[in-house]
Amino acid sequence: MKRIFFVALLFGTLLMPQASHAITDTRCWIKDQCLAQRADEDTFHSMTQQEIDEGFITSTESRAACGEKDALGKELGFCLPATVAKTKTTFGSQNVFTDIGEFIGLIYRYGIITAGVLATLMIIIAGFIWTTSGGNSERIGSAKKKIAGALMGLFLAVLSYSLLNIVNPALVNIRLPQVWKINTQGIAPPYCDQISPPKNLSEIEDSRKMTQAQRDEASKHVPEKYTVTSTEAICGFSYFVEGANDLLCTGRTCSNQTKNTMCVQYDADTNHNKKIEWRCVDSNLVISVKLTGLWTSILSTFDGVKTFLETVQNDDWVDIEGDDPEFWPVCEGKDGLYRGNVNEKITWNQMRRTGIIKTKGTSAGINPTLLDYDFIFPKLSLADQDWCNKGNDQQSYDRFKGIFVMIELKESGDLTDPDLWIGQAEPKESNPTEAVVGSWLQPDEIGTGMAFTDYIPKENLEKGVTLNVNVSDTVFQTIEQYTGSNTSRNRMPINIAAEPIKCKTDCTDGEKK
């Protein structure tokens, strides 16, 4: 019996509603929006208007998370989902259930009723056997056992229900952990152009010059009018997002510019401190490169990393003095994706004055003298004829799909510096800032490998791409092993079905192609 009480108490504790807290809470809804959503979701029209209204909840928890009213005086609270399930079998008069808890609770109660009916039926049958026994002691004994068994079963069924109901009513009237609807309108991405579908915005005046503390203070004053669309948000300015309460996004649009069409956020002062300086530049690709990972823990066991870090302590760790960056195109022809022609030539000297920004950041956590890099590349051509071969008709060119970027990291001790290949992570449709980095690997090689489909798409380059490149110890071990050796290095395959090319220390044009 003690075990029964313990188990019941344990389940009762687990199933009791728990409090939660949030700072900017996506559970918050305006009352009218909540009721409209619940009405739309009630596809079986199983709820009355009163039941729809009861799905908007105000409580101490909701007031702590949302407040009582928004800036326009509209009531705020939590919203229950209105989704229901409809069964083919009717239980009593009910076949529509709001959740599995309601269904199980109904079956439980029907089980108690069924137990009572079966017990009564068994008692009647046993009584009939007793009355027709003719004094036969064996038949009378059998009837008594049936009556005793029926009464015991009914007693246990009723007792179990009553016991659980006393310990915690939620064990019989099953109360699942409360699930609130998420208000996706209240989730604003950091950049306005990432809002999908586009929403209306309201600009915060002079926000480009504000500190973060001033932005936080300004966000407390939610506007009444939203007159700008998210696709028109100007580079560096902060905006309220309609329906997102006090959440802000930052504009990155330079469409009013004739030449400088890409928005960048940072610059560096004379001491390499990062400073916020929003501006539009003539580029369509910005790559931020930094060192991350557990470098110091492997210094004594991996000579390549040790040599690399010794090299960069007082020097640039990205080779911006020697080999220039390379851009390797992906084209689409009649046989699928293939590697195009490496024609675009951008030198580090071209970029030295304004295109290379070195700041103190993540890399300094590995060695205080190491800097992060931001490379603002001159605008790349996106024309098919600049990257791809002519098609079968010899009139039009194959379709240019996108590019990979390759830069070299410095390392002493080897004749060749390791190549770092850079692509864009999925989902590419949302133009993510996460990069894919590594080397081209043969099937039997292990490490951080590139895939032919990791290219930076043309469609994203048309809008402007900013990529965060994290060079971890794992990434460096891979590129050092397969591209930084004295004998051979891996290069991009000629097409999507081919294996990476192995070439000597200095790959000739023929080997590259």
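Every read-out reported here was derived from the displayed coordinates using simple, explicitly stated rules and does not represent laboratory data. Please read all numbers here as calculations on a predicted model, not as lab measurements. Here the Cβ is made from the backbone with ideal geometry for all residues, glycine too, and neighbour counts use every protein chain on show.
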**Fill in**
By the mean-Cβ-within-10 Å protection proxy, highest first, 33-39, 154-160 rank as 33-39, 154-160
**Residues residue 36 and residue 159, FRET efficiency given R0 of 35 Å [Cβ-Cβ distance, rounded to 0.05]** = 0.15
**Request:** Rounding to the nearest 20 debye, state how big the charge dipole of region 188-250 is about its Cα centre with +1 on each Lys and Arg Cβ and -1 on each Asp and Glu Cβ.
**Result:** 80 debye
**Item:** Extension reserve of the residue 453-residue 131 stretch, reckoned as 0.36 nm per residue once the Cα distance is removed
**Value:** 107.4 nm
**Message:** Once you order the gyration tensor axes a ≥ b ≥ c over the Cα atoms, which shape class does region 324-427 get: rounded for a/c under 1.5, otherwise prolate or oblate by comparing a/b with b/c?
**Reply:** prolate
**Request:** Could you check the simple spin-label distance between residue 43 and residue 148, using points 7 Å along Cα→Cβ, in nm with one decimal?
**Result:** 5.6 nm
**Request:** Could you line up 130, 440 from fewest to most neighbouring Cβ atoms inside 10 Å?
**Result:** 130, 440
**Message:** I want the local charge near residue 431. Using Cβ-Cβ distances under 9 Å, sum +1 for each Lys or Arg and -1 for each Asp or Glu among the other residues.
**Reply:** -1
**Message:** Between residue 94 and residue 356, how high is the FRET efficiency from 1/(1 + (r/R0)^6) when r is the Cβ-Cβ distance and R₀ = 60 Å? Nearest 0.05.
**Reply:** 0.30
**Request:** Rounded, prolate or oblate: pick one for region 188-250, where a ≥ b ≥ c are the square roots of the eigenvalues of its C-alpha gyration tensor, a/c under 1.5 means rounded, and failing that, prolate if a/b is larger than b/c, else oblate.
**Result:** prolate
**Request:** Kindly put 330, 469 in sequence by how many other C-beta atoms sit within 10 Å of each C-beta, fewest to most.
**Result:** 469, 330
**Prompt:** Among 253, 433, which comes first, second and so on when ranked by fewest other beta-carbon atoms within 10 Å?
**Reply:** 433, 253
